[in-house]
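S.K.: Sharing a structure, written as structure tokens. Questions coming.
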Amino acid sequence: MRKRQNNIFAGIDWILVLFFIVLIFLGWINIYAASVTNTSGEILDFSTRYGKQIQWIGLSLVLIIIIISIDAKFYERFSGVFYIASMLSLAGLFVFGTSVNGATSWYNLGFSSIQPSEFSKVATALALANFLNEPNRDLSNFKTQLSTFLILLIPAVLITLQPDAGSALIYFSLIFVLYREGLPAYYLIIGFLAIFLFLITLTLGFKSSIIIIFSLITLLIVYLLNTKKFHLNREWPKVLILYAVIGFFLFSVDYVFNNIFEQRHRDRFSIVLGENSDTKGIGYNTNQSMITIGSGGLTGKGFLEGDRTQGSFVPEQDTDYIFSTVGEEWGFIGSSAVIIIFIAFILRIIRVAERQKSKFSRVFGYSIATIFFFHFMINIGMVIGLLPTIGIPLPFFSYGGSSLWGFTILLFIFIRLDADRTYEW
Amino acid sequence: MEKKHLAYFSILLVGLLLIIRLFYIQIIDTKYKPSPLNNSAIAVKYDYPERGFIYDRNGVLIVANQPSYDIMIVPRDVKPLDTLEFCRLLKISKKDFLKKYKKSRIYSPRIPSVFLAQLSKNDYAYLQEKMYKYKGFFIQKRTLRQYPLKSAANVLGYIGEVNNALLSKNSYYQQGELIGINGVEKQYEEALRGVKGVKFIQRNRFNKEIGPYKGGVYDTLATVGKDVTITLDIKLQKYAEDLMANKRGGIVAIEPSTGEILSLVSSPTYDPNLLVGRERSKNYTRLFLDKDNNPLYDRSLLAQYPPGSPFKIINALIALQEQVITTETPFYCHGGFRYGRSSKAFMKCHCGTHGAPVKLDKGIYKSCNSYFANTYKKIIEKYPTSSEGMKVWSDHVKSFGLGNFLNNDLSTGVKGIVPDENLYNRFYPNFKWGASTTISNAIGQGEILTTPIQLANMTAIVANKGLYYTPHIIKKIDNKPIKIDKFTTPKRTTIDSKYFPPIIEGMFHVIENPGGTARWSRVEGIEICGKTGTAENSHGQDHSIFVAFAPKDNPKIAIAVFVENGYWGSRWAGPIATLMIEKYLNGQTNRPREEKRMYEGSLQDEYDKQLLKIALEKETK
């Protein structure tokens, strides 16, 4: 059709490809460190985790070639099909799936297992981009809002039911993309306020927090009254509603936390809020991972020299807790470098997204930036004890074929879209 | 475009937050940096070196080692096991098993501790085959003490498990490890034990050991314990112990020219091999509960006796120094000394001089009470007040090392008592006391109390004509002679050396003069200077005391012998002291009859009588 087909690599953003290569390389090195044993032999020993990961990486190269070879238009046109297929695959888990660690998130294919939720991110991002690409979509319109929320809500609910709340969270994060595309800011503000009030209630308890919050609002009203822009005799119903809504919210958070949450959920929060320092039971993972990272010091213990990594003290160290290996063996310098690389990578995606002429490509770009960013933030935040234990992988670092492929597909579809940005379709 | 910048800003902010957090846990907060010792990723294994041997002054091996095997436990690693079989192999009951398991669990689930100590060689051989079945248990080889000569238990001390108080104070020791508890084993623990080796072993979270930690760079090799040579002459010690058979008391022999302790005997004693191995605690309890014989009580260091007549030597020296008498000053004795108006105020004397003038020499060899009562009175009354006189006297006495610790290297000791003016001012607050009130001091009775080692040291002082070296037990560590200032610098008494020869002469006559109190202990060919003593004892028969040194010129040995309830000095203490001198100087005795009498003589009747008397006294109360 077009000249480009002579050379599928024309227009490729090599910076993003370079980031991809660096992250994959660093990730594999750390998986090697976390899973190598004295008895294991060569690098291509497929019975080991690092050997398998090499396999996944090799196969992802094939995937990349395929993705790059396909016309960008294809992704847009078939996004609906992808979306429906992937929702079906999520729903199918409840019938055909196998359970690992209590979550029915896997299809067992005999030779390997596949986690469809990793791929449904791609499908959802494509569907979202496609939906918003229609000319008359206006996110300040309530009907549009409802439809877009539905696109995100379906996979989120299906995944929550597995149950895999961590992965589901990623779909909610796509609200930030909607904001970029015109969703009114108060959705975000209300969201943030709710999170803030939620945390306040958990840390201070219902009574103290309601006193503090109500005093703050009262002070604000007194201040507004002084500026003469606000008249109580006109606005009092709103003020009353504000008090009532906040009071009710605080009460329900307290109620939900204490009566509806299970103890394991409460424990996860209380550990991060510093109320619970149980280092043997529920806090074991986080505590071990923090000790492991802390023991790395400034420069780290060196590649394969991490005694806590070699001793496998951190559970899931080659998957969700892979970053603790970086912290122990490469120290503050190494782990900061990884964070900087990730930040630069995400910023690069946003930059590339911003230069897209097509709305489809831009929305998709922002979606993958958001997905990468939230995986990165939640995963590392959890490993270093800033966030509750939410098990989601660190892109390109964590061991696992499905997640590696999922992230690879996300990135290279975007690279494909970007390579074709000069063409009007 | 504002929204784009907001996105950039938020992402950078999150990145910054994560880096700050990393900086905090990796650089600032130290609680995330465990030391290799309490890092759960690392197993610590100890390699116990062999404890040093102990030799006597002539190079005779006194304390050696024998291998022993401990069953160790790491409670965390224990897997369900056939308890019945295991208990049968270890010869313990199931109840014991649970008790021991619980104890080790309380100590630490992670650090190995001793589950069952000191298996016999046979048990070990049998058990070793089956150990693989019992996860969490392993066998640790250690060495146990062995005493080929079965002697000097009180000097050598013993080793036992380190107690909790010490565990918390000294980080070197782990629960179940052995430490010297008494005697030389305790005093020279650090030299004898060596330094245990440490191996750090990397393990995974299943506690499986996966190789040396960091290639073994932190591992240390065990340093073998150093051999220790002590000043004891084990042949003399053993001889003295045998002579003291069935008699209670203490003997201390010192080399006057160095202060080296040649023997340190406490009787009754016990076989040191009893406090070794699995039977240790049973035997210890048995010895501990034997309150009649009290074998664990070191009489040579702890028993405080009135010194009796040997103390007259000091009074004589003080009197000469204070120039209240000369060697020619005569006193007269009519069967005793009257020190007050009442008929009871009379100190009897059995010197048998019947009013003939008694001068210093005779005073000593006849041990005339009257002579020394007069002498003592002159010392105290030289000064305007009794307090001043008593202070001068007391200071002189204390300069002989009496009434205080000798600051030696023995693990135990007591001060004894030397009365002074303060003591008497307390005793008689409203009463004008004087020489007559305290006249018992003249003959070593009354308030004054000394231990055998103090009296032996006093004898060495006379032998040295006024100076002494602090008695000590250490001679060499690792075959290198030990030079410790406090043992090699002589200490002087307050008595000028010129006053000693007449006293020595008197002591010589105690044995040589036909009228001497110990003439029956004379040894052909050895010039022995001695002094008998008979100390009154409120509980029963008098104690038999003898101090001596020999030869008269250039003395090689100074000795003090206390035999409890031994009637009088020359009956038991005299022969024992002179036999020991003979043995030490000549290697053998030419008085086999005397030797036999000592071997076979028993004072058990006397002790039984005394026990009965005390029991009766209790009942009447």
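S.K.: Taking 56 Å as R0, compute the FRET efficiency from the Cβ-Cβ separation of A:TYR284 and B:LYS486 and round it to 0.05. Present the calculation step by step, with values, prior to reporting the outcome.
M.R.: Values: r = 57 Å, r/R0 = 1.02.
Given R0 = 56 Å and the Cβ-Cβ separation, E is 0.45.
S.K.: Also, quick follow-up: Which shape class, rounded, prolate or oblate, goes with segment A:84-221 when its Cα gyration tensor gives a ≥ b ≥ c as root eigenvalues, a/c under 1.5 marks rounded, and past that a/b bigger than b/c marks prolate?
M.R.: Working: a/c = 3.82, a/b = 1.46, b/c = 2.62.
Oblate.
S.K.: Could I ask something else about it? Tell me which cysteines of the protein assembly as shown come out unpaired when the rule is another cysteine's Cβ under 4.7 Å.
M.R.: When partners are defined as cysteine Cβ atoms under 4.7 Å apart, the protein assembly as shown leaves B:CYS87, B:CYS333, B:CYS349, B:CYS529 without one.
S.K.: Let me ask something additional. Would you mind pulling out the separation of the Cα centroids of segment B:74-134 and segment B:567-609, in Å?
M.R.: The two parts, judged by their Cα centres, are 51 Å apart.
S.K.: By the scheme Lys and Arg +1, Asp and Glu -1, what is the net charge of all other residues having a beta-carbon under 11 Å from that of B:VAL78? Don't jump to the answer; show the numbers that get you there.
M.R.: Working: positive: B:ARG76, B:LYS79, B:ARG105, B:LYS135; negative: B:ASP77.
Neighbourhood net charge equals +3.
S.K.: Would you mind telling me which residue in A:LEU174, A:LEU204, A:LEU128 has the biggest mean-square fluctuation in a Gaussian network model of chain A, where springs connect alpha carbons within a distance under 10 angstrom?
M.R.: Result: A:LEU204 has the largest fluctuation of those listed.
S.K.: Using only DSSP helix segments of four residues or longer, with each worth -39500 (n - 2.57), what per-residue ellipticity at 222 nm results for chain B after dividing by its residue count and rounding to 500?
M.R.: -10000 deg cm²/dmol
S.K.: Please tell me the relative contact order of segment A:191-260 in percent, rounded to the nearest whole number, where contacts are Cα pairs under 8 Å and at least six residues apart. Before the final figure, lay out the partial values.
M.R.: Details: 21 pairs, mean separation 35.4, N = 70.
That works out to 51 percent.
S.K.: For the residues B:HIS350, B:HIS509, what sequence is obtained by ranking on other C-beta atoms within 10 Å, fewest first? It would help to have the intermediate numbers written out before the result.
M.R.: On the way: B:HIS350 14, B:HIS509 22.
Sorted ascending by nearby Cβ count, the order is B:HIS350, B:HIS509.
S.K.: Which is the longest stretch in chain B that no exposed loop site breaks, taking sites as chymotrypsin sites (Phe, Trp or Tyr not before Pro) with a DSSP loop state and at most 10 other Cβ atoms within 10 Å?
M.R.: Values: sites that count: B:PHE206, B:PHE431.
Longest site-free region, per DSSP loop and neighbour criteria: B:207-430.
S.K.: Average partner chain C-beta neighbours within 10 Å, per residue of B:9-17?
M.R.: Values: counts 0, 3, 11, 3, 0, 10, 12, 2, 4.
Average per residue, whole number: 5.
S.K.: Classify the protein assembly as shown as rounded, prolate or oblate from the Cα gyration tensor: take a ≥ b ≥ c as the square roots of its eigenvalues, call it rounded if a/c is under 1.5, otherwise prolate when a/b beats b/c and oblate if not. Don't jump to the answer; show the numbers that get you there.
M.R.: Details: a/c = 3.99, a/b = 2.91, b/c = 1.37.
Prolate is the answer for the protein assembly as shown, as a/c is 1.5 or above and a/b outweighs b/c.
S.K.: Run the quick spin-label model on A:ARG137 and B:ALA125: label points 7 Å from Cα toward the beta carbon, then report their separation in nm to one decimal.
M.R.: Output for this residue pair reads 8.7 nm.
S.K.: Name the residues whose placed amide hydrogens come within less than 5 Å of the amide hydrogen of B:ILE159, ignoring near sequence neighbours (fewer than 5 apart) on the same chain.
M.R.: Those lying under 5 Å, H to H, from B:ILE159 are B:ILE181.
S.K.: Pull out the extension gain between A:LEU61 and A:LEU153, defined as 0.36 nm times the separation in residues minus the alpha carbon to alpha carbon distance; nm, one decimal. Can you show the working numbers first?
M.R.: Values: separation 92, 0.36 × 92 = 33.12 nm, distance 3.18 nm.
Taking 0.36 nm per residue and subtracting the Cα distance, the gain is 29.9 nm.
S.K.: To continue, here is another question. In terms of the Cα gyration tensor, with a ≥ b ≥ c the square roots of its eigenvalues, is segment B:121-198 rounded because a/c is under 1.5, prolate because a/b exceeds b/c, or oblate? List each step's numbers first, then the result.
M.R.: Working: a/c = 2.67, a/b = 1.43, b/c = 1.87.
It comes out oblate by the Cα gyration axes.
S.K.: Points 7 angstrom from Cα along the Cβ direction at A:VAL239 and B:LEU289: gap in nanometres?
M.R.: 8.8
S.K.: So how much slack lies between B:ARG338 and B:GLN588, counting 0.36 nm per residue of separation and subtracting their Cα-Cα distance, in nm? Let's see the in-between values first.
M.R.: Numbers: separation 250, 0.36 × 250 = 90.00 nm, distance 4.62 nm.
Stretched out fully, the B:ARG338 to B:GLN588 stretch lengthens by 85.4 nm.
S.K.: Here's a follow-up. May I ask you to list the aspartates and glutamates whose Cα is less than 13 Å away from that of B:LYS199, ignoring any residue fewer than eight positions away on the same chain?
M.R.: B:ASP47, B:GLU209, B:ASP219
S.K.: Which whole-number value in Å³ per residue fits the convex hull of the alpha carbons of segment B:42-230?
M.R.: Expressed per residue, the convex hull around the Cα atoms of segment B:42-230 is 139 Å³.
S.K.: I want to make sure I understand the PRE zone here: with the label point 7 angstrom from the Cα of A:ILE390 toward its beta carbon, which residues in segment B:1-23 have backbone N atoms less than 16 Å away?
M.R.: Only B:11, B:14-15, B:18 fall inside the zone, counting backbone N under 16 Å.
S.K.: Further, regarding this structure: Bin width 10 Å, alpha-carbon pairs only: give the P(r) of chain B as whole percents, running from 0 to the bin holding the largest distance.
M.R.: Calculated over all Cα pairs of chain B, the distribution is 3, 14, 21, 19, 14, 11, 8, 5, 3, 1, 1, 0, 0, 0 percent.
S.K.: Now, a different point. May I ask for log10 I(q)/I(0) of segment A:191-260 at q = 0.14, 0.15, 0.17, 0.27 Å⁻¹, from a Debye sum over the Cα atoms as equal point scatterers with solvent left out?
M.R.: Debye output, listed in q order: -0.48, -0.54, -0.66, -1.19.
S.K.: Still on this structure: Per DSSP H run of n ≥ 4, the term is -39500 (n - 2.57); total these for chain A, divide by its residue number, and report the mean residue ellipticity at 222 nm rounded to 500 deg cm²/dmol.
M.R.: Working: 17 runs with 286 residues, N = 425.
It comes out at -22500 deg cm²/dmol, rounded to the nearest 500.
S.K.: In nanometres, what is the gap between the two model label sites at A:ASN259 and B:VAL195, each 7 Å from Cα along Cα-to-Cβ?
M.R.: 6.7
S.K.: Within 10 Å of each residue's Cβ, count the other Cβ atoms and sort B:HIS396, A:HIS231, A:HIS265 from fewest upward. Mind showing how you got there, number by number?
M.R.: On the way: B:HIS396 21, A:HIS231 10, A:HIS265 14.
Ranking B:HIS396, A:HIS231, A:HIS265 by Cβ neighbours within 10 Å, fewest first, gives A:HIS231, A:HIS265, B:HIS396.
S.K.: So which of B:LYS169/B:LYS291; B:LYS150/B:LYS583; B:LYS531/B:LYS613; B:LYS312/B:LYS382 end up more than 27 Å apart by C-alpha? Mind dumping the intermediate values first?
M.R.: Values: B:LYS169/B:LYS291 32 Å; B:LYS150/B:LYS583 19 Å; B:LYS531/B:LYS613 31 Å; B:LYS312/B:LYS382 18 Å.
Table pairs above 27 Å Cα-Cα are B:LYS169/B:LYS291; B:LYS531/B:LYS613.
S.K.: Ok, one more. Taking the beta-carbon count within 10 Å as an exposure proxy, list A:VAL177, B:VAL265 from fewest neighbours to most.
M.R.: On the way: A:VAL177 27, B:VAL265 31.
Ascending Cβ contact count within 10 Å gives the list A:VAL177, B:VAL265.
S.K.: R0 = 22 Å: FRET efficiency of B:ILE106 with B:LEU81, Cβ-based, nearest 0.05?
M.R.: On the way: r = 20 Å, r/R0 = 0.91.
Between B:ILE106 and B:LEU81 the formula returns 0.65.
Here, each number is a calculation from the coordinates, and none is a lab measurement. Keep in mind that this is a model prediction, so the values were computed, not measured. Ideal geometry is used to build each Cβ from the backbone, glycine not excepted, and the neighbour counts take in all protein chains shown.
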